[in-house]
Amino acid sequence: LDVRVIPGEEEARLIRLGVLGAFGPRENILLMDIGGGSTEISISNGREYLYLDSLPMGAVRFSYGFPFDTNEPVSDEEYKSYQRSVDLNSYRASKKVREIGFVRAIGSSGTLETLADLCSEQRNGDSSYFTLNELVLLMSRLRKMNSEERSKVPKMGQNRVDIIVAGGATPPAPPPPPP
C-alpha cells in the first residue's frame, strides 16, 4: 500500500466530496465531521469550496487528552475545560463560518449521528436533526453518568460511551446582552 498523510484541509475537502458529491446543492452548506482526533469543517456552494478547515479537536483526543477519567461522571469543572478548549480551538473557524454564512448544516460522523439519535429520543424520534438546546440538555444529562450508565441509554452505541461527552461538548453560552 502507498500510504500518505494528507493535510487537514484536504481531509475536509474529501469528506465534503464524499457526503455531497462533486456538485452539491446550490446554496451555502456547512459540513462538519467530528472524528477521533480532529474536526473537519467545510462550506461549499455547488462545486465551489468557500471554506475548508481542520481543527485539532476530536472525540477521542478530548476523551483521553484531558487529565480525567471519562468513564466516570464528568464534573462541572472538567466539562468547563472541554468547553474552553472547544471555544479556543474553534474561534477562528467560528468567525469565518459566521462571515461566510450558510443555509443548512450537515453532520457526517458517527459522533454526530449518535448525538442526533440521542437527541431524537427526547422528542418525536426523528434523528435527521437536533438543536443546540437539545444538545446542551443531553450533555448536561450524559456527563453526570458513568460509562456503564451511559451504555444503557437507548440508541447509545457501545463504542461511544467513553467518548460521547467529549464529542458533544459545546462551547459555553455567550453572556446575555446588557439590559
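The values are calculated or read from the model by the stated rules, or taken from the named source; none is laboratory data. Computed from a prediction, not measured in an experiment: that's the story for all the values here. Every residue, glycine as well, gets a Cβ built from its backbone with ideal geometry; the counts of neighbours run over all protein chains shown. Accessible surface is based on the protein model in full, side chains and every heavy atom, while ligands, DNA and RNA are left aside. Shrake-Rupley method; radii C 1.70, N 1.55, O 1.52, S 1.80 Å.
When the residues of region 106-133 are filtered to those that are in contact with a Ser or Thr (Cβ under 6 Å, 6 or more places away or on another chain) and of a type in the set (Ser, Thr, Tyr), which remaining residue is farthest from residue 34 (Cα to Cα)? Of everything passing the filter in region 106-133, 120 is farthest from residue 34 (Cα to Cα). Taken across region 65-85, residues that are open to solvent by less than 20 Å² (accessible area, probe 1.4 Å) and part of a helix (DSSP H, G or I) do occur, with at least one present. The condition (being open to solvent by 40 Å² or more (accessible area, probe 1.4 Å), of a type in the set (A, V, I, L, M, F, W, C) and in contact with a Lys or Arg (Cβ under 6 Å, 6 or more places away or on another chain)) is satisfied by just one residue among 88, 52: 52.
The requirement of being of a type in the set (Val, Ile, Thr) and within 17 Å of the chain's Cα centre (by Cα) is fulfilled somewhere in region 78-89, by at least one residue. Within region 115-158, which residues are touching a residue at least 24 places away in the same chain (Cβ under 8 Å) and closer than 19 Å to residue 86 by Cα? Within region 115-158, 115, 132, 135, 136, 138, 139, 142, 143 qualify.
Residues that are open to solvent by less than 50 Å² (accessible area, probe 1.4 Å) and either of a type in the set (Gly, Ala, Ser) or farther than 22 Å from residue 57 by Cα (or both) within region 120-135 comprise 120, 125, 127, listed in sequence order. The single residue among 96, 155 that is outside any helix (DSSP H, G or I) and either surrounded by 14 or more Cβ atoms within 10 Å (Cβ to Cβ) or touching a strand residue (DSSP E or B) at 6+ places or on another chain (Cβ under 7 Å) (or both) turns out to be 155.
The set of residues in region 103-118 being within 14 Å of the chain's Cα centre (by Cα) and over 16 Å from residue 163 (Cα atoms) consists of 105, 106, 107, 108. Can you find a residue in region 164-176 that is open to solvent by 80 Å² or more (accessible area, probe 1.4 Å) and not in a loop (DSSP other than H, G, I, E, B)? No, that holds for no residue. Among the residues making up region 71-93, those that are closer than 27 Å to residue 31 by Cα and either in contact (Cβ under 8 Å) with a residue 40 or more places away in the chain or of a type in the set (S, T, N, Q) (or both) are 79, 80, 81, 82, 83, 84, 85, 86, 87, 89, 90, 93.
For the residues 168, 157, the requirement of being closer than 18 Å to residue 35 by Cβ and more than 15 Å from the chain's Cα centre (by Cα) singles out 157. Name the residues in region 136-152 that are within 19 Å of the chain's Cα centre (by Cα), over 20 Å from residue 123 (Cβ atoms) and surrounded by fewer than 15 Cβ atoms within 10 Å (Cβ to Cβ), would you? Once the filter is applied, which keeps residues that are within 19 Å of the chain's Cα centre (by Cα), over 20 Å from residue 123 (Cβ atoms) and surrounded by fewer than 15 Cβ atoms within 10 Å (Cβ to Cβ), region 136-152 yields nothing. Taken as a whole, the condition of being more than 24 Å from residue 158 (Cα to Cα), of a type outside the set (Gly, Ala, Ser) and touching a strand residue (DSSP E or B) at 6+ places or on another chain (Cβ under 6 Å) applies to residue 50. Of all residues in region 50-62, which are in a strand (DSSP E or B) and not aliphatic (A, V, I, L, M)? Answer for region 50-62, where residues must be in a strand (DSSP E or B) and not aliphatic (A, V, I, L, M): 51, 53, 54. Scan region 11-49 for residues that are part of a helix (DSSP H, G or I), open to solvent by 50 Å² or more (accessible area, probe 1.4 Å) and within 27 Å of residue 165 (Cα to Cα) and the total you get is 5.
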